[in-house]
Amino acid sequence: MSLKTALVSRLAAFFTSEQRLTRSRTMQEKRRASSGAAHTADYFHDAGDPYAHLMAQVLPDFAARYDIDLKIHLAGPPPDWAAPERERLETYSREDADRLAKRAGLSFRDPGKQPSAESIAAANAALAAAIDKGNFLTDAAGIGVALWSGTLSGAPAADVSARLSEGSARREELGHYLGATLNYAGEWYWGVDRLHYLETRLAELGARKPGAPDAAIFAPPLAPAGTGNAKGAELHWYLSFRSPYTYISALRAKALADAYGAELKLRFVLPMVMRGLPVPRMKGRYITLDTAREARRLGIPFGKIADPVGRPVERGYSLLPWARGQGRGFEYCHAFLAAVWSQGVDAGSDAGMRQIVEMAGLDWSAARPHLDSDGWRAEAEANRAEMMQLGVWGVPSFRVGDVITWGQDRLWLIEDELKRISG
């Protein structure tokens, strides 16, 4: 391992550590308390984002439970660099929000298309008026219902484009790019899936109001939650060796397949950045910190990172078909992912690859002739093409039959389908 790789790995371990997080939170709270300021969070609402509509439904309950001031900002959709497949993102987000709403007891029905620009403008004007009157929490969900059901009528009461620009600029200044996001004391919470983290933080600070429920507004379901007999079913796991979310999904994907007797199919693809899709620093930072907290919640080691982008990924993939042929495909995938995302192993070196191979229970001398071969490329491209055809383009994604979902926090959806197959 080079000195540079070792140094970067140590810095990443500190950056993602609970120790650094605790220290930062302690400093933030001391500043707030010494100034006499209230607990305050910035919320960024993108009217055309279905996840923001779900947030509008839970924010009144959130504000009632916690002693916190919400500063509401209207913001535009993510910039092009954050949404390189914008139409696909819009289509997938509607479908995903529909399924999430059903699971979380919220209201959203995918209308099958995005609201028109004119309708979104009218919604933003109505939302701006509600903010100015102090009525966002009471009015936003109703405005969203009208927008997404196609019943919002009338021309915008005012041009709020400058306000949208200001909100988007403030969001970028604080370090994010999506709607439905909350920023509290330097940390980001995206959508109802991550709201429970902010709830826990506020409770620890003594900001939960007397009589407020202890349970989170929405607790992300864990999978597998049960067992069944879906023998003959295939759980397709679309993965990338450069994705930290792929790493923290690995053991759960295998456990889910085993719990229902399904076959886990390894569908590897090139990382986004190696397919020409941008992953700017802001996005990479959020993903890394979000993965770190998800890993802590799930009890998965994470943070001592040796980024495998480029040749290390290619070297890793070159051995995957061989490892699969030895009956150790999953073990090899998990060994590679664990090595680069939690142990700082340099997969670009032969010593690093040997360590990974042996971690997987495979023989290095047998693996060595297959290293740096190119036979995997056609399979990776076929997997990518299939993923795109099915409406997703990122990893980890999962498919059982006709049900496909994107994200390590959507395994519960795949379990629902396995349960259905099990009868």
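Nothing in this text is a laboratory measurement; each read-out follows from the coordinates by a stated rule. Please read all numbers here as calculations on a predicted model, not as lab measurements. Cβ coordinates were reconstructed from backbone atoms using ideal geometry, including for glycine residues, and neighbour counts include every protein chain displayed.
Computed from backbone phi, the HN-Hα couplings of segment 149-159 come to 8, x, 9, 6, 10, x, 6, x, 5, 7, 7 Hz, rounded to whole numbers (Karplus: 6.51 cos²θ - 1.76 cosθ + 1.60, θ = phi - 60°; Gly and Pro given as x). Taking 0.36 nm per residue of separation and subtracting the current Cα-Cα distance, fully stretching the chain between S165 and D214 would add 13.9 nm.
Using the Cα coordinates of segment 87-242, the gyration tensor eigenvalues translate into equivalent-ellipsoid semi-axes of 31, 24, 17 Å, sorted from longest to shortest.
For the residue pairs K102/K283; K283/K304; K102/K419; K71/K133; K102/K254, alpha carbon separations beyond 22 Å are given by K102/K283; K102/K254. Its relative contact order, with pairs defined as Cα atoms under 8 Å and 6+ residues apart, puts the chain at 19 percent.
Rounded to the nearest Hz, the phi-derived 3J(HN,Hα) couplings of segment 220-235 under the Karplus curve 6.51 cos²θ - 1.76 cosθ + 1.60 (θ = phi - 60°) are x, x, 9, 9, x, 9, x, 9, x, 10, 10, 4, x, 6, 10, 9, where x marks glycine and proline. Seen from all directions on average, segment 215-335 presents a Cα convex hull projection of 9.2 nm². Under 12 Å from the 7 Å Cα→Cβ point of K71, by amide nitrogen: which residues of segment 170-195? 170-171, 173-174, 183-186, by backbone N distance to the label point. Size descriptors for the chain: radius of gyration and Dmax over Cα atoms are 22.6, 72 Å. Looking at segment 90-143, the pairs of alpha carbons with a distance over 14 Å make up 63% of the total. Take every pair of alpha-carbon atoms less than 8 Å apart whose residues are at least six positions apart; their mean separation over the length of segment 1-150 yields a relative contact order of 24 percent. 7 Å from Cα along Cα→Cβ at both D80 and V403: what's the point-to-point distance in nm? Each label point is offset 7 Å from its Cα along the Cβ direction, giving 3.8 nm. Legend: translational diffusion of segment 12-144 by Stokes-Einstein, Rh = Kirkwood radius over C-alpha pairs, 25 °C, 0.890 mPa s; D = 143 µm²/s.
Using a simple spin-label model with pseudo-atoms 7 Å out from Cα toward Cβ, S153 and A378 lie 6.0 nm apart.
For the residues A64, A126, A223, a GNM of the chain with alpha-carbon springs under 10 Å puts the largest fluctuation on A64. When trypsin sites (Lys or Arg not before Pro) are flagged only if DSSP places them in a loop and at most 15 other Cβ atoms lie within 10 Å, the longest unflagged stretch of the chain comes out as 232-423.
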